[in-house]
Structure formats: structure tokens, C-alpha cells
Amino acid sequence: MSPTSDELLAQERRLQFTRFGNDVAIELGLHLLDAAREQGLPIAISVRRGEHRLFHAALPGTSPNNDRWLERKARVVDLFGHSSFQVGTEFREKGTTFEAESRLDPDLYAAHGGVFPVIVRGTGPVGTVGVSGLPQAEDHAFVVTQLESFLNAREA
């Protein structure tokens, strides 16, 4: 069963950084890359601060289309300040779809799971971390699981 929009918002409140610069972005990207390799996942990975892509990797089984999905989902996060999955879920809970109600160009915006806001405590969203290549709920779950693991290791 898919999480509710409230459950997705709770993830965002929980998964926050104390600081986020280029070094942290690269460490995060490598963390996701290692996990994806261990699991044999065919995903593309992107970590950005603002519009500056600080990390990108594309594992076997991906294509340039995965990069286009990452960009479309990241634009949703940039515009709404919430995960791409949360935004799409909120529209579905209202009985409609993002595509029908947002009036945004679907060639540029996709409210599908896989891109999560990088949130700095006391500052707010400063970037995005995302993957593309799996069904949307799995893309989202992978990012959340790896963010939890990464942030817990940094705090230990």
C-alpha cells in the first residue's frame, strides 16, 4: 500500500541535514551509488544544490530517458518544495491527477516518485536527491531508505 501524503510529509520532517555543501552531496551520491550497485539496481542518480548538479551516476540498464525523468521530477520538487511522490500523491488523494490539475507542461514536470528535497534544518529545501529507473514507489523508497542510512551514519 502506498504511503499517504501526510506520511510522506513526515519523512521530509525527519530526513533533514544540518549542513549541505558539495562534499556532503558527493558523499551522499556515492552512498546511493554503492547501495544501488549492491542491489543490482538499474538506476540513474542525481544530487543537486539548487540547479547545480553536484553528483550524477547512471548504472547499467539506464538510458538518457532516466535523466529526463530525473529533471522532470526535480522541477516538481523545486516548485513545490516537497518530494515528487508527495506532490503526486496529494493530487491523487484529491481525486485528480497532477497532470490534469497543475496546468504544468508534462514534458517538463512529473510528479512521480523518486526525487526528494534536500532540506537543511532551520533553512528549508536547498536541493534535491533522486533516482530514476524503478517503479515510482520503489524509486521513492530507495531514496528514503538511503537518506535515513546516510543521515544516521553522519550523526553516529
Here is a check on your reading of the model: is Asp67 modelled with pLDDT of 95 or more and either over 14 Å from the mean Cα position of the chain (by Cα) or of a type in the set (Gly, Ala, Ser) (or both)? no
Filter the stretch 12-53 down to the residues that are open to solvent by 30 Å² or more (accessible area, probe 1.4 Å), polar (S, T, N, Q) and within 21 Å of Gln136 (Cβ to Cβ) and list them by number. Gln39
Residue count, the stretch 30-53, condition outside any strand (DSSP E or B), within 24 Å of Leu108 (Cβ to Cβ) and small (Gly, Ala, Ser), comes to 1
Here is a check on your reading of the model: is Asn152 open to solvent by 70 Å² or more (accessible area, probe 1.4 Å) and assigned to a helix (DSSP H, G or I)? yes
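The values are calculated or read from the model by the stated rules, or taken from the named source; none is laboratory data. Small disclaimer: the values here were computed from a predicted structure and weren't measured. We place every Cβ from the backbone using ideal geometry, glycine too, and count neighbours over all the protein chains shown. Quick note on the areas: whole protein, heavy atoms, side chains included, nothing else; ligands and nucleic acids left out. Shrake-Rupley method; radii C 1.70, N 1.55, O 1.52, S 1.80 Å.
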